[in-house]
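Participant: First the structure, which I've put down as structure tokens, then a few questions once you've had a look.
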Amino acid sequence: MNVNQVAESLLALSQQEELVDLPKNCPLSENEDDGDSDGERKHQKLLEAISSLDGKNRGRLAERSEASLKVSEFNVSSEGSGEKLVLADLLELVKTSSLATVKKQLNRVKSRKVVELPLNKEKIEQIHREVAFSKTSRVLSKWDSIVLKNQQAEQLAFPLGRERPAIAPIEHALSGWKARTPLEQEIFNLLHKNKRPVTDPLLTPMEKASLRAMSLEEAKMHRAELQRARALQSYYEAKARREKKIKSKKYHKVVKKGKARKASKELEQLQKVNPTVALEELEKFENARMMERMSLKHQNSGKWAKSKAIMAKYDLEARQAMQKQLAKNKELTQKLQVASEIEEEKGCTEEVEELLVPHVVNEVQMNVDGPNPWMLRNCTSDTREAATQEDPEQLPEPATHEVSESEGEERPVAEEEILLRDFEERRSLRKRSELNQDAEPAGIQETKDSSSQEVLSELRALSQKLKENHQSRKQKASSEGTVPQVQREEPAPEEEAPLLLQRPERVQTLEELEGLGKEDCFQNKEIPRPVLEGQQSERTPNNRPDAPKEKKEKEQLIDLQNLLTTQSPSVRSLAVPTTIEELEDEEERDQRQMIKEAFAGDDVIRNFLKEKREAVEASKPKDVDLTLPGWGEWGGVGLKPSTKKRRQFLKAPEGPPRKDKNLPNVIISEKRNIHTAAHRVQVLPYPFTHHRQFERTIQTPVGSTWNTQRAFQKLTTPKVVTKPGHIIKPIKAEDVGYQSSSRSDLSCHTVESKTNHHTSQ
Amino acid sequence: MKVKMLSRNPDNYVRETKLDLQRVPRNYDPTLHPFEVPREYVRALNATKLERVFAKPFLASLDGHRDGVNCLAKHPKNLATVLSGACDGEVRIWNLTQRNCIRTIQAHEGFVRGICTRFCGTSFFTVGDDKTVKQWKMDGPGYGEEEEPLHTILGKTVYTGIDHHWKEAVFATCGQQVDIWDEQRTNPICSMTWGFDSISSVKFNPVETFLLGSCASDRNIVLYDMRQATPLKKVILDMRTNTICWNPMEAFIFTAANEDYNLYTFDMRALDTPVMVHMDHVSAVLDVDYSPTGKEFVSASFDKSIRIFPVDKSRSREVYHTKRMQHVICVKWTSDSKYIMCGSDEMNIRLWKANASEKLGVLTSREKAAKDYNQKLKEKFQHYPHIKRIARHRHLPKSIYSQIQEQRIMKEARRRKEVNRIKHSKPGSVPIVSEKKKHIVAVVK
């Protein structure tokens, strides 16, 4: 392969030589004019010219005669011989001769990579620039997050706050440092001798204490607190002084009274919380009482009292004043009752509470504890009724019954209450169901499903039974007033069983309902009936426990009706496919039928016309009756303003014709008010994506009329806050926690740093 | 006998001292405060109207220059000090609180092309048409001393702009190339070129301080990295960019003031599409400066007005003009973000409020609360047509107004033509170019 390449290169070389030769020939011939073989040359030329005239002789035969003085280095090859150098000859030479060394050299040259041409200067510069640009933009992109943060910030306060540099303790600074030089070591030894801490706790206790001492801010806060306390104290003192100066006796009296009231209130609280302290307090009261008894205050022995005593005969007021004073004395010297109560308190607090708290309240509380907190309201009303009912019951019973009612006994009472409530509910439900039943037949007759009719008939029968039950119940309820309590308590334990039973029952009925749908295929409709009847027969013996069941059944009934009315179309559609699977045409017809049925009631066109009429009516300006009865004529009851007047004042301004007057199929709303439209935003503004968003922002008020002070301040914070008179410096990398990009991080050979050298000038 | 009567506990309504606040019982039951939306709407409407009533942005005019004001600079440490350079080579230092000139320097012969302060505020640099860069002390010369620059650098070419590094003793000038100088040397430590056109302004990035941006008269904006001493990228726009300004809060965002009446906000990492095209001016935009909060910027235009744009909006929120103000050449937003200064052709520097209706001075807490509430209401109801109309309404000089109308017609005509072309050509053959991309000719790597 190498050989071939060499050959090729040689070939190229030879071609080049040829190319070079041709122009060289011409000047050569001209230059040799001065030679002595001038004539011969000319002759030769002439011959050549003549021979070339016929155009055949392209390859002229140059002949080498003798060595000339000026031998061109290029002339060697082609000029002399006349035959061109053929590559094959050379190749042959290469092949035959032993040029191994040359070959080797050539190979070596070939194997060595050729140094590429240096790029031109512009290209180099461009590359430099591109590299520098990418570097710089990488450095700059660290600002992206900060710029974004600042753009999205709720508030920017300028000048941007700078964090104070944290002062690192000396230990940290010196932790990595060790004594190296002998001098240092000597010093360290000295320090060790003196037992000064060297490495770990470099600080003396004193220094540490000073470091640990309050920071400036803390100290400031502390000082402010102290100041505040002092100020408050001084205010209080001033207030006290002011009050002390007041001469009005009435004022002092009021103050004293207020204090006494307060004290008594506190005492009450203390009794509950801390009886021992309360006792001490009471002792104080006792002392005061003793003092009062000892003193002659409020006795009729003072100067004022004596004068009043004289006046008392004639003056009613004086008499009253004296009486008041005496009453006061009595009040003050009276022994306090509370003390005795407290002693008793430990014995039987419950009783006292029971005495104090009315019975009804207790019951309510019990109910609250009970299963249904939602019935609270009913409960109160019920209890009221119950109270009225129970009154006659309780009258014959001994009064001790109430008192002896312990906690254990209270529960049955509560249960009774629940029962009563239940009865009430049931009663109301029954009434409702009766109404429903009255309404039923009409609805049922419309549904032509025979099965449902049957079921309904069953249900009707049931409901009749229920009615009877209900009537009997009513009678019972009326008679219940006289029935002793013990009898009423009977159903209570049984009550729970039906309550629990409710669920399975419902499931059964649901199954029945499912069965209803399939009744066409299954003819065993009689099965559920006996079950029902059986259940009834089971329950008939005792009516009362049956009551919830009946309620249940009533509910069922209602459900059923709902189902029938709502599901009737779906039942039909279910039935349709079974019959029509074979014929597709019928399907279409049926669909049409369905649509017809679906829209059977509404006539669209008529509706539209009606709508339009309504719209027109609504948009018409209304007459305004401005007649003033009695104005300019007689007025009064039964008198009407004259027709003339009425005509005069009735205003019916004719509006402009409607735009859709001549368009029967269109309603053009003319509600848009031009005057308000000027105040409306026509296009959704930019940052909002939905009109509702925009509306919401507009509808939330900002002002302090609608917002608390704090919220108002928060809502109205300005986006940019600047301090007047403060210079705002450009943002710094150090401020935001970055290292400022210094020169060192990029190679620089141009600038020497001589910062701050010049500041002195 | 017990008399039943209504009684209130005095503790609920009587103050303990007269210094206490009166207790006002509030009932937040919404049924007691009906019609929330209409009431707030009316409040918002009133707030908007009052805002317009109180919109008096013009504060002061500083006169003293004897030629058009060509450049302005803020003092980095002092809010009250402002420096300005005029077209006759004069530099003046102003005190804004007293509204007077405190120092005058004849700095250059010919224009003062650029002025910038050092980050420490002790000295400032100027470049002029006389091919010099001069450094001056901020404080005036002592008694009997001559007014002389600290340093003077004689250059070979005219410098058209200068900006100082935000942290180091390095500044950059521009002219035929962008030179970066060390303050101690008389030769630039680094020269960066890309193309051979004159560069009109150069600005250091205030956040990533080694970045520079420049704009040249061959319609391009070039970004440089000082550390790597190379240009980074170049974007070519439809027309020449007069100046750029970096966002002080967002390191990679800058805004370019263009001759085609628009401003372009770029993310420097993606130069092929501007983040936002801000249009409202009706003539070339000559200068732009960011609010220090980075939320807004102000632009000065040849149409004799300055406009304030929110960064993320393409339309301006405010336009300031006076009868006497001519072409506005330079504009600056003060570093407390409350005021705007602009220097114009007719030798005056004007001071404006950044918020036209803002009350100056100390606000009581109730005033502040009312202001915040009103602001919130205006924001909430800003889309309502009545409120929008009132809030947007501005009086404009006839020249600007008619120009706007004219340009609207022109724009509509262009749009119609484009639409027609799309309609009458094979679908897909005429590309639909978005407004943002329309003005970008190329991005050169």
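The values are calculated or read from the model by the stated rules, or taken from the named source; none is laboratory data. Just so it is clear, the structure is predicted and the values come from calculations on it, not from any experiment. With ideal geometry, Cβ positions are generated from the backbone for all residues, glycine too; neighbour counts draw on all protein chains shown. When the accessible area is computed, the model is the full protein with side chains, heavy atoms only, and any ligands, DNA or RNA have been set aside. Shrake-Rupley method; radii C 1.70, N 1.55, O 1.52, S 1.80 Å.
Participant: What value, in deg cm²/dmol to 500, does the helix sum -39500 (n - 2.57) over DSSP H runs of n ≥ 4 give at 222 nm once divided by the residues of chain B?
Facilitator: When only DSSP H runs of four or more count, the value is -5500 deg cm²/dmol.
Participant: What FRET efficiency would be calculated for the residue pair B:Thr104, A:Met206, taking the C-beta separation as r and a Förster radius of 51 Å, to the nearest 0.05?
Facilitator: Working from the Cβ atoms, E equals 0.25.
Participant: Per residue in the stretch B:249-264, which ones lose no less than 40 Å² of accessible surface when going from chain alone to all protein chains (1.4 Å probe)?
Facilitator: B:Met249, B:Glu250, B:Phe252
Participant: Going highest first, how would you order A:148-159, B:299-310 by mean Cβ packing within 10 Å?
Facilitator: Ranking the peptides A:148-159, B:299-310 by packing returns B:299-310, A:148-159.
Participant: Please give the residues from the stretch A:106-133 for which the solvent-accessible area of heavy atoms, probe 1.4 Å, is smaller by at least 40 Å² with all protein chains in place than with the chain isolated.
Facilitator: Listed by number, the residues meeting the 40 Å² cut-off are A:Arg129, A:Ala132, A:Phe133.
Participant: Only Cα pairs under 8 Å and at least 6 apart count here; give the relative contact order of chain B as a rounded whole percent.
Facilitator: 13 percent
Participant: Sort B:Arg113, A:Arg647 from largest to smallest accessible area, using a 1.4 Å probe on the heavy atoms of the protein chains.
Facilitator: Ranked list, largest accessible area first: A:Arg647, B:Arg113.
Participant: How do B:Leu21, A:Leu609, A:Leu85 stack up against each other in accessible area, from largest to smallest, with a 1.4 angstrom probe?
Facilitator: In descending accessible area the options line up as B:Leu21, A:Leu85, A:Leu609.
Participant: Next question, about the same structure. Pairing the Cα long axis of helix B:398-423 with the longest principal axis of chain B, what angle in degrees results, from 0 to 90 and rounded to the nearest 10?
Facilitator: 80 degrees
Participant: What's the local net charge at B:Ile390, with K and R +1, D and E -1, over the other residues with C-beta under 9 Å away?
Facilitator: Around B:Ile390, the charge tally is +4.
Participant: Could you check the spin-label model distance between B:Asn46 and B:Glu358? Points 7 Å from the Cα along Cα→Cβ, value in nm.
Facilitator: About 2.5 nm, to one decimal.
Participant: In addition: Quick one: compute the contact order of the stretch B:322-445, relative version, from alpha carbon pairs under 8 angstrom and 6+ residues apart, as a percent.
Facilitator: Normalised by residue count, the contact order of the stretch B:322-445 is 11 percent.
Participant: To continue, here is another question. What number comes out for the charge environment of B:His108, summing +1 per Lys or Arg and -1 per Asp or Glu over other residues with Cβ under 15 Å away?
Facilitator: -3
Participant: Return the FRET efficiency for the residue pair B:Glu406, A:Gln739: r is the Cβ-Cβ distance, R0 is 41 Å, and the value is rounded to the nearest 0.05.
Facilitator: Computed FRET efficiency for B:Glu406 and A:Gln739: 0.15.
Participant: For chain B, state what percent of all Cα-Cα pairs lands in each successive 20 Å bin, counting from 0 Å until the bin that includes the largest distance.
Facilitator: Distribution as computed: 22, 48, 21, 7, 2, 0 percent.
Participant: Can I ask one more? For the stretch A:591-716, what does the relative contact order come out to in percent, with C-alpha contacts under 8 Å and a separation of six or more?
Facilitator: Rounded, it is 17 percent for the stretch A:591-716.
Participant: Work out which residues of the stretch A:665-692 lose at minimum 20 square angstrom of accessible surface when the other protein chains are put back, relative to the chain isolated, with a 1.4 angstrom probe, and list them by number.
Facilitator: Flagged in the stretch A:665-692: A:Ala678, A:His679, A:Val681, A:Pro685.
Participant: Just read off the accessible area of B:Ser365 with the full protein assembly in place, 1.4 Å probe, to the nearest 10 Å².
Facilitator: 90 Å²
Participant: With every protein chain kept in place and ligands, DNA and RNA left out, what is the accessible area per residue of the stretch B:22-126? Probe 1.4 Å, answer in Å².
Facilitator: 47 Å²
Participant: So how tilted is helix B:365-380 from the main axis of chain B? Cα-based, degrees 0 to 90, rounded to 10.
Facilitator: On a 0 to 90 degree scale, this one is about 80.
Participant: Expressed in nm to one decimal, what extension gain is obtained for the pair B:Thr193 and B:Ala60 from 0.36 nm per residue of sequence separation less their Cα-Cα distance?
Facilitator: Extra length available between B:Thr193 and B:Ala60 comes to 43.7 nm.
Participant: Once you have all Cα-Cα distances for the stretch B:160-283, histogram them in 5 Å bins from zero and send the whole-percent values.
Facilitator: It works out to 2, 12, 23, 25, 20, 11, 5, 2, 0, in whole percents.
Participant: Which order do B:Met276, B:Met5, B:Met192, A:Met214 take when ranked by solvent-accessible area (1.4 Å probe, heavy atoms of all protein chains), largest first?
Facilitator: B:Met5, A:Met214, B:Met276, B:Met192
Participant: Okay, next question. Counting protein heavy atoms only and a 1.4 angstrom probe, how many square angstrom of accessible surface do chains A and B bury in total, to the nearest 100?
Facilitator: 6500 Å²
Participant: Another question about this same structure. Under the definition of partner shielding as Cβ atoms of other protein chains within 10 Å of a residue Cβ, what is the mean value for peptide B:32-45?
Facilitator: Whole-number average of other-chain Cβ neighbours for B:32-45 is 3.
Participant: Take every residue in peptide B:336-346, count the Cβ atoms of other chains within 10 Å of its Cβ, and give the average of those counts.
Facilitator: The shielding value for this peptide is 2.
Participant: With every protein chain in place, what's the accessible area of B:Thr230 (1.4 Å probe, Å², nearest 10)?
Facilitator: Around 30 Å² of this residue is reachable by solvent.
Participant: If each residue of separation counts as 0.36 nm, what is the full-extension length gain between A:Ile246 and A:Leu628 once their alpha-carbon separation is subtracted?
Facilitator: 131.0 nm
Participant: Calculate, for A:Ser215 and A:Leu326, the FRET efficiency according to 1/(1 + (r/R0)^6) with r their C-beta to C-beta distance and R0 56 Å; round to the nearest 0.05.
Facilitator: E(calc), rounded to 0.05, equals 0.25.
Participant: So, one more: Taking all protein chains in place and a 1.4 Å probe, what share, in percent, of the accessible surface of the stretch B:41-185 do carbon and sulfur account for?
Facilitator: Roughly 49 percent of what the probe reaches on the stretch B:41-185 is carbon or sulfur.
Participant: Looking at chain B as a GNM with Cα springs under 10 Å, which of B:Arg414, B:Arg23, B:Arg324 has the largest mean-square fluctuation?
Facilitator: B:Arg23
Participant: Just checking the output field for A:147-153: average partner chain Cβ neighbours within 10 Å of each residue's Cβ?
Facilitator: 3
Participant: Still on this structure, I have one more. Starting from 0.36 nm per residue, how many nanometres of slack lie between B:Val430 and B:Gln326 once their C-alpha separation is accounted for?
Facilitator: Value of the extension gain: 33.2 nm.
Participant: Also, quick follow-up: If you take every residue apart from A:Asp602 with its C-beta less than 15 Å away from the C-beta of A:Asp602, what net charge results, scoring Lys and Arg +1 and Asp and Glu -1?
Facilitator: With Lys, Arg at +1 and Asp, Glu at -1, the neighbours total 0.
Participant: Using the Karplus equation 6.51 cos²θ - 1.76 cosθ + 1.60 (θ = phi - 60°), what ³J(HN,Hα) coupling, rounded to whole Hz, does each residue of the stretch A:626-638 give in order, writing x for Gly and Pro?
Facilitator: Each residue's phi maps through the Karplus curve to give 10, 5, 10, x, x, 8, x, 7, 6, x, x, 5, x Hz.
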